[in-house]
Amino acid sequence: MSIYRRFISEKTMTPEGAAAASSKLVTPANALTASRPVLAGHAARMLVRGERYVTPWIITAAATDMEGIVARAMDKYFPAMDRGTTKIGIAGDKHADVLAMLILSGAALRAPRVSAAGKLAVATVLGQEGVKIVWALSSGWRYRRETGMLLDVPPSVDGKEATAEKLTAVCAAAATNDTDSWTLRRGLDAVALGFAGVGTLRGEKARQDYVPIVEELLGAHAHDQAAEANQ
């Protein structure tokens, strides 16, 4: 079980009232989601330039992933404001996660001060992310070709945990930029490699779990089409 399981569950990913989520754009939670790739971009520039003290920016970017807590708090304590769970927030969260991870990963691979082991961890994460993205694009294109609609498969708990683990690996790798201590760098290397391995395996399992879901959706559409043709 992932160390992030206590923070991620079916309930937190599909909060009460999500079906009637607000269509508002400007909300505290959405601001956090939008800031994630922006903060990651700033940290990436620092990494590529070999500048120190990048870790606080990376931690801040990762902390914005708590926007779900903020959204649920707004739903609970300030429901009349209609600024809690939003449709765009539910859809945008997973894209913000992936974009921030890719930005940081690309910079970490180019960063002159990131350790070799850290770069290996980042490359491992990028490998699985690449497989996932290619599969998602291929499945989405196939689904749209056959149904005329966009494919929208909600993220699973395993998928969200894997993303958190892979992001932890990237953050630990990037943090080697900020220290010359042999002991601390080796410790960060171990964290990066460990989370990269676990996150990659969990992420691939989650991707494979999505495959039958997509096939089921396509099968249901084909069945509906056949039923309409026979009427």
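The values are calculated or read from the model by the stated rules, or taken from the named source; none is laboratory data. Keep in mind that this is a model prediction, so the values were computed, not measured. Ideal geometry is used to build each Cβ from the backbone, glycine not excepted, and the neighbour counts take in all protein chains shown.
Each row is one residue, and each column tells you yes or no for (1) over 30 Å from Val198 (Cβ atoms); (2) at pLDDT 90 or above.
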site	(1), (2)
Ala18	no, no
Ser23	yes, no
Ala44	no, yes
Ala100	no, yes
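The set of residues in the stretch 93-116 being surrounded by 18 or more Cβ atoms within 10 Å (Cβ to Cβ) and closer than 15 Å to Leu32 by Cβ consists of Asp93, Ala96, Asp97, Ala100.
Among helices (runs of 4 or more DSSP H) entirely within the stretch 46-147, having at least 3 residues that are out of contact with any strand residue (DSSP E or B) (no Cβ under 6 Å at 6 or more places or on another chain) and among the charged types (D, E, K, R) singles out 67-77, 87-110, 116-147. If you take the residues in the stretch 140-161 that are under 22 Å from Gln225 (Cα atoms) and in contact with a Phe, Trp or Tyr (Cβ under 8 Å, 6 or more places away or on another chain), which one is surrounded by the most Cβ atoms within 10 Å (Cβ to Cβ)? This residue is Leu151.
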